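To start, the structure under review is shown below, and the notes come after it.
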Amino acid sequence: MNSEIPEKLLKPYNPVEEENLIYKKWEESGYFTPENMIKDGLTKADAEPFTIILPPPNVTGILHMGHAMMLTVQDILIRHKRMRGFRTLWLPGTDHAAIATQSKVEKEVQKAEGKSRHDLGREEMLNRVNAFAQDSHDTIVNQMKVMGASLDWSREAFTLDEKRTLAVRTVFKKMYDDGLIYRSNKIINWDPKGQTTISDDEIVYEARKATLYTFKYSKGFPIAISTTRPETKVGDVAVAVHPDDERYKEYVGKEYDVVFCGVPIHIKIIADEAVEKEFGTGALGVTPAHSMIDWEIADRHDLPRPQVINEYAKMMVGDERLMGKKVAEARDIIVNWLKEEGLVEKEEAIDQNVATAERTSGIIEPLPKLQWFIDVNKPFTLADSNINDIASGSQTTLKEIMRTTVGTGQIDIIPDYFSKTYFHWIDNLRDWCISRQIWYGHRIPVWYKENEIYCGIEAPEGAGWTQDEDTLDTWFSSGLWTFSTMGWPEQTEDLKIYHPTSVLETGYDILFFWIARMILMTGYTLGDIPFKKVYLHGLVRDAQGKKMSKSLGNAMDPLDIAAKYGADAGRMALIIGTAPGTDSKISEEKIKGQKHFANKIWNITRFVLSNFDSTSVNAAFTPDDTVIAAQWHETAKKITADIDAYRLHVAAEDIYQYIWTTFADKILEESKPLLASEDIAVKQSRQKLLFTILCENLTVLHPFMPFVTEAIWQLLGKDNLLMTEVWPIN
RNA sequence: GCGCGAUUAGCUCAGUUGGUAGAGCGGCGCUUUUACACAGCGAAGGUCGCAGGUUCAAGUCCUGCAUCGCGCACCA
């Protein structure tokens with residue numbers, strides 16, 4: 001008697017029909033929550049934990065293929081470990097993404113209603129942003145489910161919810177009390193378009209053509225200087241030359257009063273090592289208020305720092321020619337004036353990198369402002385340390401924590417060459433400016449009253465206190481993510497069991513933004529590492545290798561892919577042929593190929609079932625079949641080892657190859673005569689072999705293609721979920 | 001300027017510790033044989049960027065070069 005073939009199996013596999021139902025089934029089982037696995041005896045109570053915290057997607061809209069990549073890689077790791085018997089937690093959440101979200105809503109409001117955020121006011125603007133964030137959140141959660149992500153939704157967190165706010169304020173206060181957070185009036189990166197400061201890492205350099213002008217401030221001035229920004233020269237206080245420069249030695253120490261395009265300026269000639277003799281005339285007009293390097297020179301020489309450009313990138317000095325003009329206009333005006341005066345000596349076209357803001361593309365205007373910073377070099381005492389080479393109670397710095405945890409191998413980055421990039425970044429790291437002049441985000445927990453300052457978790461008692469208007473850089477709260485999600489500062493069970501987490505999986509593009517900040521924050525707050533391993537995936541590009549973007553019209557929506565080919569196909573296509581840390585290209589053709597693969601397994605199942613007799617389960621394997629079973633186990637072992645070593649692309653290809661080339665093309669074909677054999681022993685052995693290999697193939701493929709494998713598993717009449725089936729290799 | 005990565009079949013890319021090259025897609029020919037045409041079978045297609053070196057043996061290690069891409073710094 002052959003088994004009855006389920007009706008569904010007689011038709012080609014239809015992913016759309018299956019996937020939603022299967023996800024619901026998983027979700028209703030409760031087994032995304034590790035405690036439920038333990039309760040039902042599917043995971044041992046003392047099993048080793050395996051934890052991944054989901055990099056929280058920004059609530060700025062919808063997920064893209066990069067997110068699909070992240071979800072796929074993590075879900076593979078998670079499902080594999082769950083089946084291997086680990087106490088497996090994958091914790092979901094979303095990120096408020098401060099500037100990104102607010103500027104998105106601001107644009108929408110501006111477009112739809114012609115109103116700015118100031119027209120709406122802080123409260124109304126925040127209502128709008130929150131509503132948008134909620135919408136985004138719902139869309140994103142739905143997308144993650146469509147992708148098959150086996151996330152523990154009972155633990156979902158948001159970077160701006162109540163618990164995370166407590167964590168943020170607690171850390172801020174601790175750092176403030178330790179003197180690591182300070183407020184200072186110094187030069188920062190100002191984004192005139194976004195009307196906020198940004199950190200060094202939020203700057204994107206764009207190559208542009210510029211004109212380098214060489215001129216003297218006035219007729220009688222002894223030294224010519226070169227600049228691409230003549231309009232800033234009204235803020236000059238010095239001309240710096242290299243100490244060894246013979247050409248200018250005689251002038252060092254002298255001071256001059258000149259009137260530059262109507263603005264009186266006082267110039268001192270100074271010698272400083274930072275000046276390159278070879279560049280331009282070898283003399284640098286020092287504008288302390290509007291250039292990072294000049295600010296530092298001013299520090300060394302105790303120079304004044306007059307601000308001449310305001311927050312709107314407009315001139316704030318001069319007569320009617322300059323006052324109130326945009327910097328670009330002012331530049332033309334000054335160049336014309338220089339020419340009229342006959343002061344220009346040279347004009348040359350050069351390539352220049354212009355600093356722009358990542359989110360708004362506005363041109364950055366360095367200017368001095370009273371802001372909050374984290375000191376990355378200041379020594380402090382780390383009371384309790386689990387960090388290798390930093391003893392409890394010893395002095396350390398945030399930079400040292402970041403360097404040591406990776407340097408000692410306590411945190412392992414895959415691929416390892418990214419460690420070099422990481423160290424290089426740390427070496428160049430300056431204090432982190434954490435305050436932002438936007439409304440959406442964690443408000444700085446500092447209150448002022450006349451000359452008093454109060455930093456606390458709650459507002460101070462008494463009347464007359466006003467809270468700092470600014471909010472925190474979104475990466476401040478993201479930095480706490482591995483432990484804030486687990487309920488810190490409360491000493492929760494979750495923290496004891498699941499922290500430090502096992503793997504942090506994300507794109508290499510946020511190595512500095514996020515990974516480094518998590519290491520910094522966790523090291524400082526818990527004296528521990530946030531994760532043991534960092535797995536970096538590459539960027540997903542289109543078939544031509546272009547970055548996917550809405551404006552280019554080449555963006556793929558994971559939802560569309562799932563609707564057209566099935567989420568399984570999309571997942572598999574993202575993994576195969578993609579080495580960690582390397583950008584990959586994805587095309588519909590590639591995804592289509594994987595849809596065919598899902599159908600192939602479906603058809604294999606039809607064949608196996610139609611030739612299966614349940615009495616064969618007790619049959620003994622013939623010597624031939626024993627060999628085939630053993631060969632499969634060798635393959636399964638290799639696949640397991642590859643997953644353990646994070647070579648997911650190799651593992652995916654191997655299981656694909658085995659199922660199609662070995663199992664279907666070879667073993668199944670060779671089985672046809674054997675299944676028709678008169679020899680019952682041979683026939684039954686083969687029936688059992690095919691059924692066994694099919695089941696184990698499904699198990700091993702499940703982390704990669706969870707839906708089709710689970711769908712088939714249910715058709716095989718199994719009484720458990722494939723999701724909780726035990727992995728065939730130990 | 002400092003650093004990193006890439007260069008393998010027409011296209012997109014794999015290739016863990018060095019042992020005489022692989023996949024997907026595309027193209028070609030044949031096959032409608034009852035698991036599957038979302039298929040099967042077969043053939044074609046590569047001096048693994050270039051030049052040296054180490055080794056019995058190198059796509060895999062070392063040196064140099066070229067081209068492309070990226071990061072950081074500079075950007076007066």
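How would you order A:488-497, A:261-270, A:569-578 from highest to lowest mean count of nearby Cβ atoms within 10 Å? Don't skip to the answer; put the middle values down first.
Details: A:488-497: 14.7, A:261-270: 18.9, A:569-578: 25.0.
Result, highest mean Cβ count within 10 Å first: A:569-578, A:261-270, A:488-497.
Between region A:598-660 and region A:182-215, what is the separation of their alpha carbon centroids in Å?
Distance between centres, Cα-based: 58 Å.
Kindly state, to the nearest 0.05, the FRET efficiency for A:L539 paired with A:R321, given R0 = 45 Å and r defined as their beta-carbon distance. Write out the running numbers ahead of the final one.
On the way: r = 47 Å, r/R0 = 1.05.
After rounding, the FRET efficiency stands at 0.40.
Please work out how much length the chain gains when fully extended from A:D46 to A:E123, using 0.36 nm per residue of separation minus the C-alpha to C-alpha distance, in nm with one decimal.
Working: separation 77, 0.36 × 77 = 27.72 nm, distance 4.90 nm.
Between A:D46 and A:E123, full extension yields an extra 22.8 nm.
What does the highest-first list of A:77-89, A:339-351 look like by mean Cβ count within 10 Å?
Values: A:77-89: 23.2, A:339-351: 12.3.
By packing density, highest mean first, the sequence is A:77-89, A:339-351.
So if we plug the beta-carbon distance of A:T381 and A:D560 into 1/(1 + (r/R0)^6) with R0 = 41 Å, what FRET efficiency do we get, rounded to 0.05? Could the numbers behind the result be given before it?
Numbers: r = 54 Å, r/R0 = 1.31.
About 0.15, to the nearest 0.05.
Specify the angular offset, from 0 to 90 degrees and rounded to the nearest 10, of the alpha carbon long axis of helix A:15-29 from the longest principal axis of the alpha carbons in chain A.
90 degrees
For region A:84-144, what is the per residue volume of the convex hull drawn over the alpha-carbon atoms, in cubic angstrom?
Details: hull volume 6.2 nm³, N = 61.
Normalising the Cα hull of region A:84-144 by residue number yields 102 Å³.
Taking the dipole about the Cα centre of chain A, with the C-beta of Lys and Arg at +1 and of Asp and Glu at -1, give me whichever of A:I334, A:T615, A:Y248 is farthest to the positive side.
After comparing all options, I get A:T615.
Using 0.36 nm times the number of residues separating A:K11 and A:E311, minus their current alpha carbon distance, what extension gain do you get? It would help to have the intermediate numbers written out before the result.
Numbers: separation 300, 0.36 × 300 = 108.00 nm, distance 6.57 nm.
Taking A:K11 through A:E311 to full extension adds about 101.4 nm, to one decimal.
Can you tell me the 0 to 90 degree angle between the C-alpha axis of helix A:327-340 and the longest principal axis of chain A, rounded to 10?
Compared with the principal axis, the helix lies near 40 degrees.
Can you tell me the relative contact order of chain A? Whole percent, Cα pairs under 8 Å, sequence separation 6 or more. Present the calculation step by step, with values, prior to reporting the outcome.
Numbers: 1335 pairs, mean separation 127.1, N = 730.
The normalised contact order for chain A reaches 17 percent.
Go through A:I510, A:Y498, A:W439 and say which Cα lies farthest out towards the positive end of the charge dipole of region A:367-522; charges sit on Cβ, +1 for Lys and Arg, -1 for Asp and Glu.
A:I510
What is the antiparallel percent of DSSP beta bridges lying wholly in chain A, to the nearest 5? Write down the numbers at each step before the final one.
On the way: 57 of 81 bridges.
Rounded to the nearest five, the antiparallel share is 70 percent.
What residue among A:I453, A:M316, A:V16 has its Cα farthest toward the positive end of the dipole of chain A, where the charges are +1 on Lys, Arg and -1 on Asp, Glu, each on the Cβ?
In chain A, that residue is A:V16.
So how do A:R686, A:R247 line up by other beta-carbon neighbours within 10 Å, fewest first?
Details: A:R686 27, A:R247 13.
With the fewest neighbours first, A:R686, A:R247 line up as A:R247, A:R686.
How many nm separate the modelled label positions at A:K672 and A:E458, each set 7 Å beyond the Cα in the direction of the Cβ?
7.9 nm
For region A:362-405, calculate the relative contact order in percent as a whole number, restricting contacts to Cα pairs under 8 Å that are 6 or more residues apart.
Dividing the mean separation by the residue count of region A:362-405 yields 33 percent.
Over all alpha-carbon pairs of chain A, lay out the pair-distance distribution in 10 Å bins, whole %, shortest bin first.
For chain A, the binned pair fractions read 3, 12, 20, 20, 17, 12, 8, 5, 3, 1, 0, 0 percent.
In debye to the nearest 20, how big a dipole does region A:586-693 give about its Cα centre with +1 on each Lys and Arg Cβ and -1 on each Asp and Glu Cβ?
Details: 13 positive and 15 negative charges, 59 e Å.
The dipole of region A:586-693 has a size of about 280 debye.
Suppose a student asked you for the relative contact order of region A:404-548, using Cα pairs under 8 Å spaced at least 6 residues apart; what percent would you report? Mind showing how you got there, number by number?
Working: 189 pairs, mean separation 37.1, N = 145.
Computed over region A:404-548, the figure is 26 percent.
What does the charge dipole of region A:225-316 about its Cα centre add up to, to the nearest 20 debye, if the Cβ of each Lys and Arg holds +1 and the Cβ of each Asp and Glu holds -1?
Values: 10 positive and 17 negative charges, 69 e Å.
Roughly 340 debye for region A:225-316.
Looking only at region A:130-157, which residues have a backbone nitrogen under 19 Å from a spot 7 Å from the Cα of A:K25 in the C-beta direction?
Backbone N within reach: A:145-151.
Taking the Cα-to-Cβ direction at A:R430 and at A:K249 and moving 7 Å from each Cα, how far apart do the two end points lie in nm?
Computed distance between label sites A:R430 and A:K249 equals 3.3 nm.
Between region A:221-273 and region A:133-164, what is the separation of their alpha carbon centroids in Å?
Distance between centres, Cα-based: 57 Å.
Could you give the length gained on full extension between A:K219 and A:I350, defined as 0.36 nm per residue of separation minus the Cα-Cα distance, in nm?
Values: separation 131, 0.36 × 131 = 47.16 nm, distance 2.58 nm.
Stretched out fully, the A:K219 to A:I350 stretch lengthens by 44.6 nm.
For region A:665-728, which GluC sites (Glu not before Pro) are both in a DSSP coil and crowded by at most 10 other Cβ atoms within 10 Å? Don't jump to the answer; show the numbers that get you there.
Details: sites: A:E669, A:E670, A:E678, A:E696, A:E710, A:E725; in loops: A:E678, A:E725.
Of the GluC sites (Glu not before Pro), the ones in loops of region A:665-728 whose Cβ has at most 10 other Cβ atoms within 10 Å are A:E678.
Taking the Cα centre of chain A as origin, work out the dipole magnitude from +1 charges on Lys and Arg Cβ and -1 charges on Asp and Glu Cβ, in debye rounded to 20. Don't jump to the answer; show the numbers that get you there.
Working: 83 positive and 107 negative charges, 183 e Å.
Dipole magnitude for chain A comes out near 880 debye.
Please work out the Cα center distance from region A:677-730 to region A:479-517, rounded to the nearest Å.
37 Å
Sorted by average packing, counted as other Cβ atoms within 10 angstrom per residue and highest first, what order do A:369-378, A:463-472 take? Spell out each step's value before the answer.
Numbers: A:369-378: 17.8, A:463-472: 15.1.
Put in order of decreasing packing, that is A:369-378, A:463-472.
Nearest 10 degrees, 0 to 90: what angle lies between the long axis of helix A:122-146 and the longest principal axis of chain A (Cα atoms)?
Compared with the principal axis, the helix lies near 30 degrees.
Here, each number is a calculation from the coordinates, and none is a lab measurement. Every value quoted in this text rests on a predicted model; they were computed, and no experiment measured them. When we count neighbours, we look across all protein chains shown, and the Cβ atoms used for this are built from the backbone with ideal geometry, even at glycine.
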